[in-house]
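Visitor: First the structure, then my questions, so here it is.
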Amino acid sequence: MRKKAISIILSAAMIAAMLAGCGSTPAQEEQQQVTEENVDTENVSEAPQEEENAKEAASTGDLPILGAGIYSSTDNFNSYLAKAIANSSDGVFQVNVDDGQLDQTTQLNQIDTALAKGAVAVCVSVVDITAAPVIVQKCKDAGDVPVIFFNKEITDKDVVASYDNLYQVTSTGGDYGAAIQGEMIVEYWKAHPEMDKNGDGKLQIINVMGDPGHTASQPRADYVESTITDAGIEIEVLERDTGMWDTAKAKEKMDAWISKYDDDIEIIICGNDAMALGVLQSIEAAGFNLDGAESERYIPIIGIDALPEMLAKIESGEVIGSVLQDAATQGKVIVKIAENVSQGKDPLDGLDFEFDTDGSKAVRVPYAAITAENVDVAAANYTE
Ligand code: GAL
Ligand code: CA
């Protein structure tokens, strides 16, 4: 079972790498890739052949179009969201998950194209949250086409309230998973007295933040620290800076910090796994964590997302854990809302979720703590 899960994780990781590799190709090619991927995934499922054929025939044109886009395929977590949306759309929508390539103009053009083709709903993780009103206007102009924002939450309540057909799908608001991350650190501190390397009773931390323009960045960085201090553990923040959600950028920052602080660092907290993986590369190059938790030189690292590529690092002890952000469920909810509203049904029909009552019109999918003991919980998220 474990073996099977791991091989599925690996293929999911390869798919992510493929998607990421398409970053520089024209949008059209990217659309083709994601669609083909969708069909491939279907072929490995155990559905009877006739059902496969029927689904494939349907996917060639009779289904309504769902306009879909992520802000960048270079973002690991967004690539998994794209895959989840493509998977959940199977047999329901024709879907092209566009790559916004970190460029708002490119993404707006992609939305125009989808609407011109007759998309019955649009779902998007925006490049820049301030572009939300423009997207809303486009959807209104196209005949009140429903829009579902995901991943990058639109926090301007006036924008949210400006359109009845606007919905959001994201993860637990407020702390965006960081309270769980903080609790995991508290538990680890209690179970590992050796974590206090200098014996001063305080936790020396490096806090690697996400993109400052992203809704979850600042709250994650703040909540993880306050959760630790609320538990009565004093912290000393050695560094707190952005790695822009990105592996290479986080590695670059960490290269400087590891030569500055070396073994004085007692934990590296990362706002997401992509950055945790970059940080790990950096400290491993400096001789840390090479034998997992048994390493002579060891710095605990923790992330958020529980990406497939992170799970092997958690199992080996190179990283202490992560917080699962459930891409598969988010994808399902996005597609189901799109299906419901485009058919005039209640948006949450058939879903076991409620909208948050905070004026965000958001369905919030909960996070979960992942350590070496339960990596299979996170792995299961990528098998569907
Ligand atoms: C967060 C996720 C990050 C990154 C970011 C981009 O929810 O945890 O890994 O993907 O979204 O919008
Ligand atoms: Ca200490």
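The numbers here are math on the coordinates, done by the rules we state, and not lab data. Remember, predicted model here, so these are calculated numbers, not experimental data. Heads up, the Cβs are rebuilt from the backbone with ideal geometry, glycines too, and the neighbour counts pull from every protein chain shown.
Visitor: Pull up the cross-link candidates among the lysines for LYS345, meaning alpha carbon to alpha carbon under 21 Å and not fewer than 8 places away within one chain.
Guide: By straight Cα distance, LYS345 reaches LYS140, LYS332, LYS336, LYS361.
Visitor: While we're looking at this one, here's another question. Please go through the residue pairs LYS83/LYS253; LYS157/LYS249; LYS197/LYS253; LYS117/LYS249 and name each one whose alpha carbons sit more than 27 Å apart in this structure. Provide the component values of the computation, followed by the final result.
Guide: Values: LYS83/LYS253 30 Å; LYS157/LYS249 32 Å; LYS197/LYS253 22 Å; LYS117/LYS249 38 Å.
Pairs exceeding 27 Å: LYS83/LYS253; LYS157/LYS249; LYS117/LYS249.
Visitor: Continuing with the same structure: Quick one: the Cα spread of segment 183-281 along its three principal axes, in angstroms, biggest first?
Guide: 33, 30, 18
Visitor: Amide H of VAL126 versus every other amide H placed in the peptide plane: which residues, excluding those fewer than 5 positions away on the same chain, fall under 5 Å?
Guide: So VAL126 has HN proximity to PHE150, LYS152.
Visitor: If R₀ is 30 angstrom, what is the calculated FRET efficiency for the pair ASP346 and VAL134, using the beta carbon separation as r and rounding to 0.05?
Guide: On the way: r = 28 Å, r/R0 = 0.93.
Efficiency at R0 = 30 Å is approximately 0.60.
Visitor: Applying the Karplus parametrisation 6.51 cos²θ - 1.76 cosθ + 1.60 with θ = phi - 60° to the phi angles of segment 109-126, what ³J(HN,Hα) value in whole Hz is obtained for each residue in order, glycine and proline being reported as x?
Guide: Each residue's phi maps through the Karplus curve to give 4, 5, 5, 4, 4, 4, 5, 5, 7, x, 3, 8, 7, 10, 10, 7, 9, 5 Hz.
Visitor: Once R0 is set to 35 Å, what does the formula 1/(1 + (r/R0)^6) return for the Cβ-Cβ distance between SER259 and THR155, expressed as a FRET efficiency to the nearest 0.05? Please list the in-between numbers first.
Guide: Details: r = 37 Å, r/R0 = 1.07.
Using R0 = 35 Å, I get an efficiency of 0.40.
Visitor: Suppose each label sits 7 Å from its Cα in the direction of the beta carbon; what would the ASP144-ASP112 distance come out to in nanometres?
Guide: The two pseudo-label positions are separated by 2.6 nm.
Visitor: When TYR223, TYR167, TYR188 are ordered from fewest to most other Cβ atoms inside 10 Å of their Cβ, what list results?
Guide: Values: TYR223 20, TYR167 27, TYR188 17.
The order, fewest Cβ neighbours first, is TYR188, TYR223, TYR167.
Visitor: What list of ³J(HN,Hα) couplings, whole Hz, do you get for segment 154-166 from phi and the Karplus terms 6.51, -1.76, 1.60, once you set θ to phi - 60° and write x for glycine and proline?
Guide: Once rounded to whole Hz, the list reads 7, 8, 6, 5, 5, 5, 4, 6, 6, 8, 4, 8, 9.
Visitor: Starting from the Cα of GLN218, step 7 Å along the direction of its Cβ; do the same at ASP103; then give the gap between the two resulting points in nm.
Guide: 3.0
Visitor: To continue, here is another question. From the backbone phi of segment 174-186, what are the Karplus-calculated ³J(HN,Hα) couplings (6.51 cos²θ - 1.76 cosθ + 1.60, θ = phi - 60°) in whole Hz, Gly and Pro given as x?
Guide: x, 9, 6, x, 6, 5, 5, 4, x, 4, 5, 5, 4
Visitor: Could you let me know the centre-to-centre spacing of segment 195-229 and segment 249-268, using Cα atoms, in angstrom?
Guide: So the two Cα centres are separated by 14 Å.
Visitor: Now for a separate question. For the pair GLU239/ASP291, report the inter-label distance in nm, with labels modelled 7 Å from Cα in the Cβ direction.
Guide: Roughly 2.7 nm, to one decimal.
Visitor: Sticking with this one: Gain in length, GLU373 to ASP200, computed as 0.36 nm per residue apart minus the alpha-carbon separation, to one decimal in nm? If you can, show how the numbers build up before the last one.
Guide: On the way: separation 173, 0.36 × 173 = 62.28 nm, distance 2.98 nm.
Separation in residues times 0.36 nm, less the Cα-Cα distance, equals 59.3 nm.
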